[in-house]
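Everything below concerns the one structure shown next.
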Amino acid sequence: QVQLVESGGGLAQAGGSLRLSCVASGRTFSSYAMGWFRQAPGKEREFVAGVSTTGNTKFYADSARGRFTISRDNAKNTIYLQMNSLRPEDTAVYLCATTTTPYTSARGPYNYWGQGTQVTVSS
């Protein structure tokens, strides 16, 4: 059973930065694409960023591209989301995600999520 544990959420001012982490366990981490989703109040869960098994390929939602950077450290079974130039509309629960099929692209399909970590950006 895959376990995903997010951390690093918190409060930030508009224009500020946060760095999220997700530690995965229960599988061969390097065989699976990993990603980040977010869910804001009243909205559907949306894809933010994904990274391939090696970390060589990344894919971003339009809202994240140019501001957020996804990365992975396979030696630590961890992925990160560096968020810069934060905006109030980035406020959401951010969820770590992975696939149940190995060696997919950075786009997934993602079908397993952690519990999430809250990110709040003030105006």
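A few notes on this one:
- Cut-off 11 Å (backbone N to label point 7 Å along Cα→Cβ of A61), residues of the stretch 89-123: 90-95
- Carbon plus sulfur fraction of accessible area for the chain, probe 1.4 Å, in percent: 47
- Antiparallel DSSP beta bridges within the chain, percent to nearest 5: 90
- Those trypsin sites (Lys or Arg not before Pro) in the stretch 32-98 that DSSP places in a loop and that have at most 10 other beta carbons within 10 Å: K43
- Rounded to the nearest 20 debye, the dipole size of the chain about its Cα centre is 180 debye, using +1 on the Cβ of Lys and Arg and -1 on the Cβ of Asp and Glu.
- Size of the stretch 71-123 from its Cα atoms: along the principal axes, largest to smallest, the extents are 40, 23, 19 Å.
- The chain pair-distance distribution - Cα-Cα, 10 Å bins, rounded %: 15, 51, 29, 6, 0
The values are calculated or read from the model by the stated rules, or taken from the named source; none is laboratory data. Here the structure is a predicted model, which is why all the values come from computation and not from measurement. Backbone-built Cβ (ideal geometry, glycine too); neighbour counts: all protein chains shown. Just the protein is used for accessible areas: all its heavy atoms, side chains included, with ligands, DNA and RNA removed. Shrake-Rupley method; radii C 1.70, N 1.55, O 1.52, S 1.80 Å.
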